[in-house]
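Engineer: Starting off with a structure, shown below.
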């Protein structure tokens, strides 16, 4: 079965039409460059920070804990809904 799958993938790749490249507009290239610069600046600040490296380390005090508690509550509710028909009397 694995040999057949590998063979079929090979046939597909050998016969797949060539993808055409799109022309990037100047505004699109400029937006990408700005995104890269801002991301590199953010990463540099995170790496140089003495307060930590997790996303929650850069949130206002108490916010990371609240996000975690909210996530736990949603996960618990999801588990209860998922198994509602399986409850014991």
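Derivation of every value follows stated rules applied to the coordinates shown; laboratory data play no part. Everything quoted here is computed from the prediction, not taken from an experiment. Positions of Cβ are generated from backbone atoms using ideal geometry, with glycine treated the same way; all protein chains shown enter the neighbour counts.
Engineer: Checking residue 53 against (1) part of a helix (DSSP H, G or I); (2) touching a helix residue (DSSP H, G or I) at 6+ places or on another chain (Cβ under 9 Å), which test does it fail?
Structural biologist: The number of the failed condition is (1).
Engineer: Within segment 25-50, track down each residue that is part of a loop (DSSP other than H, G, I, E, B) and loosely packed, with under 10 Cβ neighbours inside 10 Å.
Structural biologist: Within segment 25-50, 25, 50 qualify.
Engineer: Same structure, new question: Just to be sure I understand the filter: pairs with C-beta atoms under 6 Å, separated by 6 or more residues or on different chains, first member in segment 32-45 and over 14 Å from residue 58 (Cβ atoms), second member assigned to a helix (DSSP H, G or I). Which pairs pass?
Structural biologist: No pair meets every condition.
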